[in-house]
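Down below is the structure, laid out as structure tokens.
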């Protein structure tokens, strides 16, 4: 006991998170639980959510948490919630969810309180699910806490269980000829942890799809593919665009400039948008943003989550 009392705070936090992560992981469901998932066209699915946390450049404690809800299959924005947050939990590789998920859960709770009819039937998460060091990434964490079907979508391969960006992997990517083509991410354990997906024809880089909660991998891949107008699925892309725009609009310095001090900006009121139920606006018109170029879409948001890199820089979880 005396030894543990002298451990540095980071080690104490790590031990606590290890226990909590293991407890939460026991609740993950890696199979379809909804009727709409059983239909080849997802009949009955009307609302798809996307979440993202965009950090102010140069400051890994100030970020904008964003939740959007899109109509399905039209993929038009019905609801958005952007709010500046202070990220105070330490960054420990493999435990990014403990830094970020609480703010996303709060956003989901605000939606439930303000507009329960727009509650998403599934969430797409910028990060990984079971494709993770201990099989419990941010998409699993958020799914278990919200009890919503969740899918992890990462822009870069998290190299776990023997997965590597080696020549074999690069060759498999080259073999993806058109949108919808996939190959399995099978670890040395023999388990398929996810799928590499060429999300649309013009994209040369795949995205990495993994189960978060209450979905099977096949359904997850089909849904992500159906949500892609560009490389990144539209719910995540819109969450990222709107969070970065919110930072640019509400902070004294633009994203990419000098970051503000820690704490919530009092003048930056949370943004809530409720789209009309029938005639829906174009997302780009609502924000006054031009359609993105493919080069902009390939590295949206903060990069791959839950890698050993610092939050807000290249790398994911």
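None of the figures in this text is laboratory data; all of them are computed from the coordinates on show. Remember, predicted model here, so these are calculated numbers, not experimental data. Virtual Cβ from ideal backbone geometry, glycine too; neighbours counted across all protein chains shown.
Any residue at all in the stretch 216-238 that is buried (at least 22 other Cβ atoms within 10 Å of the Cβ) and in a strand (DSSP E or B)?
Among the residues of the stretch 216-238, not one is buried (at least 22 other Cβ atoms within 10 Å of the Cβ) and in a strand (DSSP E or B), which makes the answer no.
Could you figure out which of (1) assigned to a loop (DSSP other than H, G, I, E, B); (2) farther than 19 Å from residue 42 by Cβ; (3) under 16 Å from the mean Cα position of the chain (by Cα) isn't true of residue 178?
(3)
Could you list all residues from the stretch 125-140 that are farther than 16 Å from residue 31 by Cα and either within 13 Å of the chain's Cα centre (by Cα) or surrounded by fewer than 23 Cβ atoms within 10 Å (Cβ to Cβ) (or both)?
125, 126, 127, 128, 133, 134, 137, 138
Could you please give the count of residues in the stretch 239-248 that are surrounded by fewer than 22 Cβ atoms within 10 Å (Cβ to Cβ) and closer than 29 Å to residue 25 by Cβ?
Residues flagged as surrounded by fewer than 22 Cβ atoms within 10 Å (Cβ to Cβ) and closer than 29 Å to residue 25 by Cβ within the stretch 239-248 amount to 0.
Filtering the stretch 106-124 down to residues that are surrounded by 17 or more Cβ atoms within 10 Å (Cβ to Cβ) and assigned to a helix (DSSP H, G or I), which residue is farthest from the chain's Cα centre (by Cα)?
Filtering the stretch 106-124 for residues that are surrounded by 17 or more Cβ atoms within 10 Å (Cβ to Cβ) and assigned to a helix (DSSP H, G or I), the one farthest from the chain's Cα centre (by Cα) comes out as 118.
Does residue 180 meet the test of being without any contact (Cβ under 8 Å) to a residue 12 or more places away in the chain and farther than 23 Å from residue 101 by Cβ?
No; evaluated as a whole, the condition is false for this residue.
Of all residues in the stretch 192-205, how many are without any contact (Cβ under 8 Å) to a residue 60 or more places away in the chain and crowded, with 24+ Cβ neighbours inside 10 Å?
Of the residues in that region, 3 qualify.
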